[in-house]
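Notes follow once the structure below has been shown.
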């Protein structure tokens, strides 16, 4: 896939993400947003609000780096040049870890692990989620003027491990889709539990 097509695809997927959150989660009560799956796993899964806060923490880190890259562009660009995207081993590994289709679970780094649902303000978490995803959508308009293969940003694991710009954008959207699916599963599990209790 080439850069400009990928940017348009990512923006479309971000729009779907925002619509899904507005439709599925905004109408819920704080109690529903904080509810944790209670099956037989060794530890309870994350609640909806914990999933979204985890995404907020990760997005905030990477968006800050992306904004810095875009800020260096100035105002002289008129037409972005297209390019075929290339991934190195770092990008391929990161994209695999966050792929929504990969069932294997990978522990989140401590810096982006959410606080307990009881300590989170669902309204504030939802507002920040919407703000960050909208900002990422806007950043893509300007980022197409950058070289997505040569430009890199530091990963959450430190300055020594950097990710190409193209892989970073693709990773962020896939990561959001992965945890959005997790949040939707939590909503479904709670609804099923409520139905079984009332039947």
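The values are calculated or read from the model by the stated rules, or taken from the named source; none is laboratory data. Model, not experiment: these values are computed from the prediction. We place every Cβ from the backbone using ideal geometry, glycine too, and count neighbours over all the protein chains shown.
Got a number for residues in segment 70-92 being in a helix (DSSP H, G or I) and at pLDDT below 90? Break it down into steps so the answer makes sense when it comes.
Applying the first criterion (in a helix (DSSP H, G or I)) to segment 70-92 yields 70-71, 89-92.
Now narrow it down to the ones that are at pLDDT below 90: 70-71.
Residues flagged as in a helix (DSSP H, G or I) and at pLDDT below 90 within segment 70-92 amount to 2.
Scan segment 95-115 for residues that are surrounded by fewer than 13 Cβ atoms within 10 Å (Cβ to Cβ) and part of a helix (DSSP H, G or I) and jot them down.
Across segment 95-115, the qualifying residues are 110, 111.
Which ones in segment 120-153 are assigned to a loop (DSSP other than H, G, I, E, B), without any contact (Cβ under 8 Å) to a residue 24 or more places away in the chain and within 29 Å of residue 86 (Cα to Cα)? Quick ask: steps written out before the conclusion?
Step one: filter segment 120-153 for residues assigned to a loop (DSSP other than H, G, I, E, B), giving 120-121, 144-151.
In the following step, the residues that additionally are without any contact (Cβ under 8 Å) to a residue 24 or more places away in the chain were identified as 121, 150.
150 - this is the single residue of segment 120-153 that is assigned to a loop (DSSP other than H, G, I, E, B), without any contact (Cβ under 8 Å) to a residue 24 or more places away in the chain and within 29 Å of residue 86 (Cα to Cα).
Being touching a residue at least 60 places away in the same chain (Cβ under 8 Å) and in contact with a strand residue (DSSP E or B) (Cβ under 7 Å, 6 or more places away or on another chain) is the requirement here; does residue 162 meet it? Quick ask: steps written out before the conclusion?
On the way: touching a residue at least 60 places away in the same chain (Cβ under 8 Å): yes; in contact with a strand residue (DSSP E or B) (Cβ under 7 Å, 6 or more places away or on another chain): yes.
Spelling it out, residue 162 is indeed touching a residue at least 60 places away in the same chain (Cβ under 8 Å) and in contact with a strand residue (DSSP E or B) (Cβ under 7 Å, 6 or more places away or on another chain).
Looking at (1) within 21 Å of residue 21 (Cα to Cα); (2) modelled with pLDDT of 90 or more, which is the only condition residue 190 fails?
The number of the failed condition is (2).
Determine whether residue 4 is in contact (Cβ under 8 Å) with a residue 40 or more places away in the chain and surrounded by fewer than 18 Cβ atoms within 10 Å (Cβ to Cβ).
Details: in contact (Cβ under 8 Å) with a residue 40 or more places away in the chain: yes; surrounded by fewer than 18 Cβ atoms within 10 Å (Cβ to Cβ): yes.
Against the criterion (in contact (Cβ under 8 Å) with a residue 40 or more places away in the chain and surrounded by fewer than 18 Cβ atoms within 10 Å (Cβ to Cβ)), residue 4 qualifies.
Being farther than 14 Å from residue 143 by Cα, surrounded by 17 or more Cβ atoms within 10 Å (Cβ to Cβ), out of contact with any strand residue (DSSP E or B) (no Cβ under 6 Å at 6 or more places or on another chain) and at pLDDT 95 or above is true for just one of 56, 30. Which residue is that? Before you say what the answer is, go through the steps one by one.
On the way: 30 fails: surrounded by 17 or more Cβ atoms within 10 Å (Cβ to Cβ).
On inspection, the qualifying residue turns out to be 56.
If a residue must be farther than 19 Å from residue 25 by Cβ, surrounded by 21 or more Cβ atoms within 10 Å (Cβ to Cβ) and more than 14 Å from the chain's Cα centre (by Cα), how many such residues does segment 158-196 contain?
Summing the residues that are farther than 19 Å from residue 25 by Cβ, surrounded by 21 or more Cβ atoms within 10 Å (Cβ to Cβ) and more than 14 Å from the chain's Cα centre (by Cα) in segment 158-196 gives 4.
Tell me yes or no: at least one residue of segment 116-136 is exposed (fewer than 12 other Cβ atoms within 10 Å of the Cβ) and in contact with a strand residue (DSSP E or B) (Cβ under 7 Å, 6 or more places away or on another chain).
No, segment 116-136 has no match at all.
For segment 93-115, state whether one or more residues are closer than 21 Å to residue 24 by Cα and in contact with a helix residue (DSSP H, G or I) (Cβ under 8 Å, 6 or more places away or on another chain).
Checked segment 93-115: at least one residue is closer than 21 Å to residue 24 by Cα and in contact with a helix residue (DSSP H, G or I) (Cβ under 8 Å, 6 or more places away or on another chain).
Need the failing condition index for residue 49 against (1) modelled with pLDDT under 90; (2) farther than 28 Å from residue 1 by Cα, just the number.
(1)
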